[in-house]
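A.B. asks: Just dropping this structure here.
The values are calculated or read from the model by the stated rules, or taken from the named source; none is laboratory data. What you see is a predicted model; the values in this text were computed from it and never measured. Every residue, glycine among them, receives a Cβ derived from its backbone with ideal geometry; neighbour counts consider all protein chains shown.
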Amino acid sequence: MLEGFSNIPKVPELQKRIFYSLALLVVYRIGAHVPTPGIDATALAAYFDQAKGSILGLFDMFAGGALSNLSVFALGIMPYISASIILQLLTIAVPHLEKLSKEGEAGRKKITQYTRYGTVILSLIQGFGIAIGLENMAGPTGAPIVIEPGWSFRLMTMITLTAGTAFIMWLGEQMTERGIGNGISLIIFAGIVCRAPEAILNTFRLLSTGEMGIFFIVILIILMVVVVGVIVFVESAQRRIPVQYAKRVVGRRVYGGQSTHLPLKINTAGVIPPIFASSILMFPATIANFIPHPWMSKLSQMLLPGRFVYEVLYVALIFFFCYFYTAVTFNPVDVADNMKKYGGYVPGIRPGKRTAEYIDDILTKITFSGAIYVSAICVLPSILISYFNVPFYFGGTALLIVVGVALDTAGQIETHLLARQYEGFMKKGRLARRR
């Protein structure tokens, strides 16, 4: 791996792309500390100190701490993700969108444009909800968080937070186009990783005060290594379906006749299911926090991470989106038709409909296994925090995103290196084959 990193300076284009992505991430982190006008920062920070275990604390983790100081990036990239969820769901229900999704690059650009519009609309709605909620909140000492409440503050907050989210969306698109890796994923990655130093300091503080023993910390470190290893293994795992291509004679040349395989990932949907599930659960829970009503307060308590209702809904949504996203991105009928068109077949299975049914059956089984794996990783933080008093989130969506984005970015870097005949991070190009 070190040899792979040493080859990066030998590729000027790759070096430029990496530098470009890092520069935009620095811009993102600077913007996360620019506060929204009209807020008492001290009262807001004190309020979030009490809300670390709530849904607001989880939302703040995805925003990279931008929500706890209500910076211009307080909404983070979640409105964009929510808009993407809505558009993907509508693609199935609305014929016009379904037609656009099959029109290649032109259709993709149009859907991306609709996603941007949806992001702005959701940002305005969430910005208004946050402004109303902040006006009804106070710090532990009773000091109001909003200095001068009213429509001027609400409009300013809506415009500021919407502009911040639009700018983050633009940063992500620029990183994807001109940098390395997926820009939106890297922004979420940066927001999560930036909280790691705080978690480490809290752990050492608890160790120095005797609230955590050295033996428990050693066990925790071993568990962390094992969990990361399991994630890397499963994310790279594949179920390979053997495919045989018949020989075809065209003129004087013979084509086909070779054996290959159809790779199906155990976790085809990647980190999408937990991100979508978190987004859906965060939205009503956040609104419930901002409405001072007894039954809304009860709903907010039920949707806290670690509560039974939250975990059941979370796992159910993860299973749903694992199957949904796999069905959207992988069509066994199209795969079987393409194999039949080029003379390919699965040994022992008739081409066409029977092959599609065979692939769909295998995909259904491995998706179920993948959903169990994702659910177990995502429930892990609640178990560690509730039963073992671990002072930070470990596991869950955050860890899946961090490991998944790291693997994907490393794979893209290696692809650039191997394209120019430099040795990648791992010998024999394991990451490249994984991709």
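A.B. asks: Of (1) modelled with pLDDT under 90; (2) surrounded by 16 or more Cβ atoms within 10 Å (Cβ to Cβ); (3) in the same structural domain as GLN238 (by TED's automatic domain parsing), VAL403 satisfies all except one. Which?
C.D. replies: Answer for VAL403: the failing condition is (3).
A.B. asks: Sticking with this structure for a sec: Need the failing condition index for GLN174 against (1) exposed (fewer than 14 other Cβ atoms within 10 Å of the Cβ); (2) among the polar types (S, T, N, Q); (3) in the same structural domain as ALA45 (by TED's automatic domain parsing), just the number.
C.D. replies: (1)
A.B. asks: Within segment 174-220, can you find the residues that are closer than 23 Å to LEU25 by Cα, charged (D, E, K, R) and modelled with pLDDT under 80?
C.D. replies: Selection gives ARG195, GLU198.
A.B. asks: If the requirement is being on the phi > 0 side of the Ramachandran plot, at pLDDT below 80 and in the same structural domain as ARG116 (by TED's automatic domain parsing), which of these qualifies: GLY64, GLY57?
C.D. replies: Criteria check complete, one pass: GLY64.
A.B. asks: Return yes when LEU206 is out of contact with any helix residue (DSSP H, G or I) (no Cβ under 7 Å at 6 or more places or on another chain), buried (at least 16 other Cβ atoms within 10 Å of the Cβ), part of a helix (DSSP H, G or I) and not assigned by TED's automatic domain parsing to the domain that holds HIS96 and no when it is not.
C.D. replies: yes
A.B. asks: Is one or more of the residues making up segment 329-344 at pLDDT below 85 and touching a strand residue (DSSP E or B) at 6+ places or on another chain (Cβ under 6 Å)?
C.D. replies: yes
A.B. asks: Would you pick out the residues in segment 95-146 that are hydroxyl-bearing (Ser, Thr, Tyr) and in a loop (DSSP other than H, G, I, E, B)?
C.D. replies: Result: THR141, single match.
A.B. asks: Quick one: SER152 ticks every box in (1) surrounded by fewer than 13 Cβ atoms within 10 Å (Cβ to Cβ); (2) modelled with pLDDT under 85; (3) assigned to a helix (DSSP H, G or I) except a single one, so which number is it?
C.D. replies: (2)
A.B. asks: Kindly evaluate THR326 against the criterion of being under 19 Å from ILE272 (Cβ atoms) and of a type outside the set (A, V, I, L, M, F, W, C).
C.D. replies: Spelling it out, THR326 is indeed under 19 Å from ILE272 (Cβ atoms) and of a type outside the set (A, V, I, L, M, F, W, C).
A.B. asks: Which of the residues spanning segment 205-242 are of a type outside the set (Val, Ile, Thr) and touching a Ser or Thr at 6+ places or on another chain (Cβ under 9 Å)?
C.D. replies: Selection gives MET212, LEU220, PRO242.
A.B. asks: Picking from ILE81, ILE92, ILE85, which residue would you name as being exposed (fewer than 14 other Cβ atoms within 10 Å of the Cβ), hydrophobic (A, V, I, L, M, F, W, C), modelled with pLDDT under 85 and in a helix (DSSP H, G or I)?
C.D. replies: Among ILE81, ILE92, ILE85, only ILE92 is exposed (fewer than 14 other Cβ atoms within 10 Å of the Cβ), hydrophobic (A, V, I, L, M, F, W, C), modelled with pLDDT under 85 and in a helix (DSSP H, G or I).
A.B. asks: Among the listed residues SER300, SER375, identify the single one that is surrounded by 19 or more Cβ atoms within 10 Å (Cβ to Cβ), modelled with pLDDT under 85 and either assigned by TED's automatic domain parsing to the domain that holds ASN267 or at positive phi (or both).
C.D. replies: Answer to the check: SER300.
A.B. asks: Here is a further query. I'd like the full set of residues that are crowded, with 16+ Cβ neighbours inside 10 Å and without any contact (Cβ under 8 Å) to a residue 60 or more places away in the chain, limited to segment 359-372.
C.D. replies: Within segment 359-372, just ASP360 meets the criteria.
A.B. asks: Would you tally the residues in segment 347-358 being among the aliphatic types (A, V, I, L, M) and either buried (at least 20 other Cβ atoms within 10 Å of the Cβ) or under 17 Å from LEU317 (Cα atoms) (or both)?
C.D. replies: The qualifying residues number 1.
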